[in-house]
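Undergrad: Let me begin by handing over the structure; questions about it come next.
The values are calculated or read from the model by the stated rules, or taken from the named source; none is laboratory data. Since we're looking at a predicted model, the values are computed, not measured. Note that we place each Cβ from the backbone using ideal geometry, even for glycine, and neighbour counts take in every protein chain shown. We work out accessible area using only protein heavy atoms, side chains counted, and drop any ligands, DNA or RNA first. Shrake-Rupley method; radii C 1.70, N 1.55, O 1.52, S 1.80 Å.
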Amino acid sequence: MELIRLTSDMAVDPSGYVVALGFFDGMHTAHVRLLETAVATAREKQVKAALYTFSTHVLSHMRREPFYHLTSLEEKTAFAADLGFDRVVVLTVDDALVQMEPERFVEKHLLGCAAVVIGFDFTFGRFGRGNAELLTHDGRFPVVVVPEIAYYGKKIGSSRIRAALADGDLKLANRMLGHPYAIAGEVVRGKGRGKILGFPTANVDHDGYFLPKQGVYAARTRIDGKWWPSMANIGDNPTFSGVRVTLEVNVFGFHASLYGQKIAVEFLAFVRAEVKYDSTADLIAQMRRDEDVVRAMFLKEDW
């Protein structure tokens, strides 16, 4: 599959492609519905499918604040390939793109395509004027508008998924995602406390990711293509007066060094919130209870 990165002064000819346009953070079930529609439309027209996305969230760029994603660009690209896309185009978000009139965006990036597939509420261009209605009224190419997809009466969307993750509601978040929420990163050196406590952990670089609620989780860790049952912790180690939030994972049955390797941690269930303990002994006792709970969860696999 072809991956193309474009700065605001660049463009690529969309001729011969059905374009799925959106940010697609999370690649959740509503996104998948839209992307499957784009691929199916491309097959019907006997052309190729292209996913057009953005390097970061436009609103975060405008506010000059960092954006913490649910899905990295690497993960989006992998999802797109699995769904049957032939090309992913990443538009770099800068002031020029944000200020671009939507009519100019259409002329530059969409004109000549076989069709555009877009979500009912997606907006683009200056002041967010670009939307499904503008594209439909343009009339120079077919437009397929994918309607709202709801779960328990409310729209499935990245904001709702973030809220569920922040509450530790993994069941709701993962149902809307259609897959377990995951963070992939390199294993970096920590303070080594886990090994001393009897629970050796891999300290995962979570840079750029949205972090779920601080606490203990039943998790699954991918190492060299194999998934391992695990217990993960997100927090700042209050018992030891920590200040930096870390993601640490204790991989059951795995004893080799992971330093420098890239692994992925899938969050399956929230076990408990982070607590500051009066002593190391109290912390160790609780960690043993946590492990019992997590292992019991894996026996039931009721996620």
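Undergrad: So, in nm, how far is label A166 from label A96 when the simple model puts each one 7 Å beyond its Cα toward the Cβ?
TA: It is 3.5 nm.
Undergrad: As a test question: what accessible area, to the nearest 10 Å², does H57 have when a 1.4 Å probe is rolled over all protein chains in place?
TA: It works out to around 70 Å².
Undergrad: State the dimensionless ratio Rg/Rh of the stretch 56-97 (Rg: radius of gyration of Cα atoms; Rh: Kirkwood radius).
TA: Value, to two decimals: 1.05.
Undergrad: Would you mind computing Rg(Cα) / (2.2 N^0.38 Å) for the stretch 1-150, counting N as its residues?
TA: 0.95
Undergrad: Quick check for me: using +1 on Lys/Arg Cβ and -1 on Asp/Glu Cβ, what's the dipole size of the stretch 17-145 about its Cα centre, in debye to the nearest 20?
TA: The dipole of the stretch 17-145 has a size of about 200 debye.
Undergrad: Which peptide among 59-68, 23-32, 8-17 comes first, and what is the full order, when sorted by highest mean count of other Cβ atoms within 10 Å?
TA: The densest-packed peptide leads the list: 23-32, 8-17, 59-68.
Undergrad: For the stretch 127-235, with only Lys/Arg (+1) and Asp/Glu (-1) charged at the beta-carbon, what is the dipole magnitude about the Cα centre, in debye rounded to 20?
TA: That gives the stretch 127-235 a dipole magnitude of about 380 debye.
Undergrad: For the stretch 120-206, report the convex hull volume of the alpha-carbon atoms normalised per residue, in Å³, without decimals.
TA: 182
Undergrad: Still on this structure: Rank V116, S8, G26 by how far each Cα sits towards the positive end of the charge dipole of the chain (+1 on Lys, Arg Cβ; -1 on Asp, Glu Cβ) and give me just the farthest.
TA: G26
Undergrad: Related question: Leaving ligands, DNA and RNA out of it, report the carbon-plus-sulfur percent of the accessible area of the chain at a 1.4 Å probe.
TA: 51
Undergrad: Among R244, R160, R189, determine the one that fluctuates most according to a GNM of the chain built with springs between C-alpha atoms less than 10 Å apart.
TA: Greatest mean-square fluctuation among the candidates belongs to R244.
Undergrad: Which FRET efficiency value, to the nearest 0.05, is calculated for M10 and L59 with the Förster distance at 25 angstrom and r the Cβ-Cβ distance?
TA: Efficiency computed from Cβ-Cβ geometry: 0.65.
Undergrad: Please give the net charge around K155, taking every other residue with its beta carbon less than 11 angstrom from that of K155, where Lys and Arg add +1 and Asp and Glu add -1.
TA: So the surrounding residues net to 0.
Undergrad: Based on Cα positions only, what radius of gyration and what Dmax would you give for the chain, in angstroms?
TA: Rg, Dmax (Cα atoms, Å): 21.7, 70.
Undergrad: Can you sort K108, K171, K300, K276 by solvent-accessible area, 1.4 Å probe, largest first?
TA: From most accessible down to least: K300, K276, K171, K108.
Undergrad: Beyond 30 Å between alpha-carbons counts as too far, so tell me which of K155/K213; K76/K276; K76/K155 fall in that bin.
TA: Exceeds cut-off: K76/K276.
Undergrad: Something else now. Any chance you could run the full-extension gain for K262 through A296? It's 0.36 nm times the residue separation minus the Cα-Cα distance, nm to one decimal.
TA: Contour length minus the Cα-Cα distance gives 9.5 nm.
Undergrad: Sort I149, I234 by accessible area with a 1.4 Å probe, largest first.
TA: The residues order as I149, I234, largest area first.
Undergrad: What accessible area per residue comes out for the stretch 64-220, rounded to a whole number of Å², with a 1.4 Å probe?
TA: 47
Undergrad: Let me ask something else about it. Just to check I understand the Karplus step: with θ = phi - 60° and J = 6.51 cos²θ - 1.76 cosθ + 1.60, what whole-Hz values come out for the stretch 270-283, glycine and proline as x?
TA: Residue by residue, the stretch 270-283 yields 7, 9, 6, 6, 6, 9, 8, 9, 6, 8, 5, 4, 5, 5 Hz.
Undergrad: Here's another thing I want to ask about it. How large is the accessible surface of T53 in square angstrom, using a 1.4 angstrom probe and rounding to the nearest 10?
TA: Only protein atoms counted, so the area is about 0 Å².
Undergrad: Among P142, P212, L268, whose Cα sits farthest toward the positive end of the charge dipole of the chain (+1 at Cβ of Lys/Arg, -1 at Cβ of Asp/Glu, about the Cα centre)?
TA: L268
Undergrad: Can I ask one more? Based on Cα positions only, what radius of gyration and what Dmax would you give for the stretch 201-303, in angstroms?
TA: Values for the stretch 201-303 (Cα only, Rg and Dmax): 13.4, 39 Å.
Undergrad: Now, a different point. Would you mind telling me the antiparallel percentage of the DSSP bridges in the chain, rounded to 5?
TA: Roughly 60 percent of the DSSP beta bridges within the chain come out antiparallel.
Undergrad: May I ask you to rank T136, T201 by accessible area, largest first, using a 1.4 Å probe over the protein chains only?
TA: Largest accessible area first, the residues go T136, T201.
Undergrad: As I understand it, the dipole of the chain uses +1 on the Cβ of Lys and Arg and -1 on the Cβ of Asp and Glu, about the Cα centre. Which of L73, A285, V39 lies farthest toward its positive end?
TA: A285
Undergrad: While we're looking at this one, here's another question. How much accessible area does D224 have with a 1.4 Å probe, in Å² rounded to the nearest 10?
TA: Here the residue's solvent-accessible area equals roughly 140 Å².
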